[in-house]
Amino acid sequence: MKLLVVEDETELLEVIQQSLEKQSYIVETAGTFTDAMEKMISFEYDCILLDIMLPDGSGLQLLEELKKINKSHNVIIISAKDSLEDKLAGLDGGADDYLVKPFHLAELNARVKSVVRRKSLNGNNKIEIAQLCVDLQERLVTVNQKELVLNRKEFDILSYLVINKNRLVNKTALAEQVWGDHMDEADDYEFIYSQIKNLRKKLRDSASGVEIQAVYGIGYKLASL
């Protein structure tokens with residue numbers, strides 16, 4: 001899962017990022033309205049943590065901009081402003097949740113999981129296709145109730161494809177989802193091809209009943225055999 005944290009307090013931003021990365025999320029950050037807007041336009045995120053008070057604009061304005069460009073990111077507002085008016089403005093503006101500073105990191109992690117699960121998976125942690133079962137919360141994959149051992153990147157790829165089952169996933173979107181900003185440092189997509197090749201073999205050898213299909217030059221999709 002790929003998250004964007006928009007927060008201008010550097011120390012708090014680093015603490016939130018480290019906490020979320022421990023939960024195996026890909027975390028990107030923005031400290032200004034301008035930086036956040038650029039990333040929201042350019043990339044897709046499973047959830048955005050959004051501060052209202054930014055040095056060059058308002059988080060509520062960012063919500064409005066998301067609507068204008070027809071992007072339906074899951075948004076959790078994190079703000080020191082605890083008034084009912086601000087909460088209603090945020091929720092009415094399209095936010096999915098509102099968390100008041102200061103907050104416990106455990107609560108933030110729980111809110112992120114809840115929003116992503118509620119929006120993307122209708123409240124489920126597990127997705128089953130054929131003989132394959134992916135538990136997103138436990139980061140566990142089983143085939144016919146036997147664990148299928150995957151490395152971290154293989155799991156991230158598989159979980160993203162599972163969430164988008166039977167849909168074509170652009171290889172650029174897949175790279176951004178799994179590798180985040182570090183993708184820009186790569187000269188080509190060999191790092192994806194290698195992980196996909198290994199993952200395909202594991203799915204085939206375990207008789208999972210699913211396969212990763214490639215659409216030349218575009219991307220991949222997960223489908224039942």
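Just so you know, all these numbers are worked out from the coordinates, no wet-lab data involved. Just so it is clear, the structure is predicted and the values come from calculations on it, not from any experiment. Cβ: placed from backbone, ideal geometry, glycine included. Neighbour counts: every protein chain shown.
Before moving on, here are some points about what is shown:
- Table column - 3J(HN,Hα) (Hz), the range 62-70, Karplus curve with 6.51, -1.76, 1.60, x for Gly and Pro: 5, 4, 5, 5, 4, 4, 5, 9, 6
- Taking each residue as 0.36 nm, the span from residue 14 to residue 173 lengthens on full extension beyond its C-alpha to C-alpha distance by 54.7 nm.
- Cα-based shape type of the range 2-120, given that a ≥ b ≥ c are square roots of the gyration tensor eigenvalues and the cut on a/c is 1.5: rounded
- Of 67, 2, the sequence from fewest to most neighbouring Cβ atoms within 10 angstrom is 67, 2.
- Exposure proxy ranking, count of Cβ atoms within 10 Å, fewest first, for 143, 149: 149, 143
- Each residue, residue 213 and residue 130, gets one label point 7 Å from its Cα in the Cβ direction; the gap between the two is 1.2 nm.
- Cut-off 9 Å between beta-carbons: net charge of the residues surrounding residue 31, Lys and Arg +1, Asp and Glu -1: -4
- Nearby aspartates and glutamates by direct alpha-carbon distance to residue 197 (threshold 15 angstrom, same-chain neighbours under 8 apart not counted): 154, 156, 205, 211
- Only helices enter this figure: runs of n ≥ 4 DSSP H residues, each worth -39500 (n - 2.57), summed and divided by the residues of the chain, yield -13000 deg cm²/dmol at 222 nm to the nearest 500.
- Simple label model, 7 Å out from Cα along Cβ direction - residue 137 to residue 65, nm: 3.5 nm
- Each Cα pair under 8 Å and six or more residues apart adds its sequence gap; the mean of these over the residue count of the range 126-224 is a relative contact order of 33 percent.
- Within the chain, the proportion of C-alpha pairs whose separation exceeds 24 Å stands at 46%.
- Computed FRET value (nearest 0.05) for residue 58 with residue 38, which takes r as the C-beta separation and R₀ as 25 Å: 0.95
- Local charge for residue 11 was computed over the other residues whose Cβ lies under 14 Å away, with Lys and Arg +1 and Asp and Glu -1, and equals -4.
- Links that overshoot a 32 Å alpha carbon limit, given the list 81/221; 71/126; 113/146; 113/202; 2/146; 87/221: 81/221; 87/221
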